[in-house]
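See structure below.
The values are calculated or read from the model by the stated rules, or taken from the named source; none is laboratory data. Keep in mind it's a predicted model, so treat the numbers as computed, not measured. Cβ placement follows ideal geometry from the backbone for every residue including glycine, while neighbour counts extend to all protein chains displayed.
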Amino acid sequence: MTTRDRLSRRLGPGWALVTGLGAMLGAGVFGAVGPAAGSAGSALLLALVLAAAVAACNAAGSARLAARFPESGGAYAYAGRRLGAPYGFAAGWAFTAGKLASCAAMALVLGNHVWPEHPRVPALVAVAACTAVNHMGIAKTAGATAAILAVVGVGLAAAVVGALAGGHADPGRIADAWTATPGGVLEAAGFLFFAFAGYARLATLGEEVRDPARTIPRAIALSVGIAFAVYALVMTAALMAVRPEVLAAAPRPLVAAVRAGSLDALAPVVSAAAAVASLGVLLSLLAGVSRTVFAMARKGDMPRPLRTVHRRRRVPHVAGLAAGLAVAAVVAVADVRGAIGFSSVLVLVYYALANASALSLPAGRFGLLRAVAVAGLAGCLLVAAALPPSSVLAAAGIMMLGFAGWVLRPVRAPR
């Protein structure tokens, strides 16, 4: 690898944490709570715990791998090194396709809140704006993410206050009507896992983080823990305010929870925060996808021009532009619910391969690290299989299509 092909290490611990949180906070609450509530009912919090447990196992393995191999690409790089080229490509392709769908879902969530009658217009504007910000450099991306996080924090606080202090909250609703099946809870966990997958951004940015062996593991652990605490608080408040079927039916679940009480004047604040949260996640997702595409192109698994690094900004600008164009194309034809299910299946496949890669590392004291990797691998496969069959079949089809292109590509670069 030449200096021209290397990215610049500009992110310290604080900005790394901001990047991880920016990819998580808001995504699950505003995008996945509705489908998850429809699957799990009032067992929504149990599904959240399961999703967080799988995410924690994945985070532990990803942190170990990122510290040992501090380069762009995440599990694409790890699986390629530890398991072989086909597994590396499978991880990279699953991540790329899954996160492109995530980007489209977040853009459409934003569009639904900004201009419900024509959501694709603001969605496409948001994709273009985030692509431009990422082109400015990773430090600019992290700075924009921090500003967005502040707005999202205000909106989530308004949602909690509106739901709990509006005079309609009842703790009994949480324990009432626990009728969800185990399969429904697992399916809901799959939807909610969509909210926790943001820490992958830190692994894919491994080549741009200072002191990655220390920074990445700490930032991943903190971002997952903070996100879980926030999600648990917000979902508990929402379930106390309205029954789960209301959350499942509402296109804006948290807004519905606030409007159920007397503090419905806070609803516009929550709706605005949803749009801003979606923008923040979209910004961080596009940064991560472009780095994985860049890493795959650098090793010959995608077209070579995608490995180009901007001479002055030291960012993979061609890969970033390609990712933005691909997301815009998906926005033109996709819907939010299908995109989330499809994305979750592929991202769980990605993390399954990351856990398999972690299993090849030394077991650690008492074999605990290996046990965590086994639990993460099993959890990923179980939760992915529980998602809607249409999402599973679509993901299987895109994986086969990717492998066909990989096998038939004319020239393979040595790995």
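List of remarks:
- Filter pass, residue 32 being under 18 Å from the mean Cα position of the chain (by Cα), hydrophobic (A, V, I, L, M, F, W, C), part of a helix (DSSP H, G or I) and surrounded by 23 or more Cβ atoms within 10 Å (Cβ to Cβ): yes
- Test set (1) surrounded by 19 or more Cβ atoms within 10 Å (Cβ to Cβ); (2) outside any helix (DSSP H, G or I) - residue 127 fails condition number: (2)
- Residues located in region 261-275, provided they are more than 30 Å from the chain's Cα centre (by Cα), buried (at least 17 other Cβ atoms within 10 Å of the Cβ) and in a helix (DSSP H, G or I): none
- Some residue of region 333-352 being surrounded by 18 or more Cβ atoms within 10 Å (Cβ to Cβ), of a type in the set (Gly, Ala, Ser) and either more than 17 Å from the chain's Cα centre (by Cα) or at positive phi (or both): yes
- Selection count where residues are modelled with pLDDT of 95 or more and either small (Gly, Ala, Ser) or touching an Asp or Glu at 6+ places or on another chain (Cβ under 7 Å) (or both), scope region 395-415: 3
- Only helices (runs of 4 or more DSSP H) whose full extent lies in region 306-415 are considered here, and the ones with at least 1 residues that are over 18 Å from residue 292 (Cα atoms) and of a type in the set (Lys, Arg) are 336-358, 368-386.
- Residue in region 86-101 that is farther than 21 Å from residue 197 by Cβ and more than 15 Å from the chain's Cα centre (by Cα) present: yes
- Lone unmet requirement of (1) part of a helix (DSSP H, G or I); (2) more than 22 Å from residue 150 (Cα to Cα) for residue 258: (2)
- Set 323, 319, 384: member being surrounded by 22 or more Cβ atoms within 10 Å (Cβ to Cβ), of a type outside the set (Phe, Trp, Tyr) and in contact with a Gly (Cβ under 8 Å, 6 or more places away or on another chain): 384
- Exactly one residue among 374, 333, 345, 315 is under 28 Å from residue 282 (Cβ atoms), of a type outside the set (S, T, N, Q) and at pLDDT 90 or above, and that residue is 345.
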